[in-house]
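First comes the structure, then the notes that go with it.
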Ligand SMILES: Nc1ncnc2c1ncn2[C@@H]1O[C@H](COP(=O)(O)OP(=O)(O)O)[C@@H](O)[C@H]1O
Ligand SMILES: [Mg+2]
């Protein structure tokens, strides 16, 4: 599904601000993988996503997505294959547009630009899709998205992303800005959609317990490198304490104990 080979990213090369954010990253993501990604602040998780999505060009290495070399492909082209969700719930939807207008935009993207009008048949389809969120949004098709709560908005973003028919999801701490209850709801919806739509996913989370509980594979990043890549079997026996211990053994230092890392 995705082959990342020898990928590196250096910001401001050759200047006093030169910063190597990623160094020799090798990662093969198989179709159907649900990979959780942990690592302290600044370890390169978001940069990795920015390179996969094409937001930034790589400094070195190659990216093959779905059998095609996309190393130099523009972001908008990769966006047909890759859906991305950010931490900020306001980022994935247009606040001043109604729920139905937001959804038709996502749906058109999934139809690869075909002209589709917003008729009652589409509205019924959207209402049915929205029912899956169990948030009553199916009764609010004409409400502006700006009226929704953060949790509702992130759930809508998730739904819109899947109806735009990507093959792969990049989730960058997409529940971190929500209260624990909504974070749980959005996380459960995420797993349901990944399963129902047979998606491949990479999910960054600061919550180590979530990283252990969800998905079939776990990556830990540190200082621009992938320092751990655990498969399903190794992941099954994992605890937060064991994960922190593994970090300590590899790096010969304590895990950066930012309190959010261990928070529920
Ligand atoms: N656009 C950018 N310009 C310069 N430096 C950046 C940029 N984006 C990220 N970095 C740097 O790259 C490193 C990795 O950042 P990031 O990928 O955001 O880490 P994480 O998501 O794991 O917290 C950090 O040192 C960060 O300051
Ligand atoms: Mg980040």
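Taking other C-beta atoms within 10 angstrom as a stand-in for reagent exposure, 5, 249 fall in the order 249, 5, fewest first. Result for the chain in a Gaussian network model with C-alpha springs under 10 Å: among 43, 134, 117, the largest mean-square fluctuation is at 117.
Counted over the range 137-178 with a bin width of 5 Å, the fraction of Cα pairs per bin, in whole percents, is 5, 19, 28, 24, 15, 9. Considering only Cα atoms, the convex hull volume of the range 1-76 works out to 95 Å³ per residue. Tell me, how many Å apart are the Cα centres for the range 43-58 and for the range 126-180? Here the answer is 24 Å between Cα centres.
Extending 7 Å from the Cα toward the beta-carbon at both residue 242 and residue 114 defines two label points whose distance is 4.8 nm. Projected label points at residue 79 and residue 254, each 7 Å from Cα along the beta carbon direction, are separated by 4.3 nanometres. When the inverse distances between all different Cα atoms of the range 1-150 are averaged and flipped, the Kirkwood radius reads 18.1 angstrom. Top mean-square fluctuation among 101, 124, 222, Gaussian network model of the chain, C-alpha springs under 10 Å? Fluctuation is largest for 124.
Residues 84, 217 in ascending order of nearby Cβ atoms (within 10 Å, fewest first): 217, 84.
Here the calculated FRET efficiency for residue 56 and residue 128, from their Cβ-Cβ distance with R0 = 45 Å, stands at 0.75, rounded to the nearest 0.05. Each semi-axis of the equivalent ellipsoid for the chain is √(5λ) with λ an eigenvalue of the Cα gyration tensor; in descending order they amount to 32, 22, 16 Å. When the chain is treated as a GNM with alpha-carbon contacts under 10 Å, the residue of 122, 187, 208 showing the greatest mean-square fluctuation is 122.
Diagonalising the gyration tensor over the Cα atoms of the range 41-113 and scaling each eigenvalue by 5 before taking the square root yields semi-axes of 26, 18, 8 Å, largest first.
Here, each number is a calculation from the coordinates, and none is a lab measurement. All figures in this text were calculated on a predicted structure; none of them were measured in a lab. In this analysis, Cβ positions are derived from the backbone assuming ideal geometry, glycine residues included, and neighbour counts consider all displayed protein chains.
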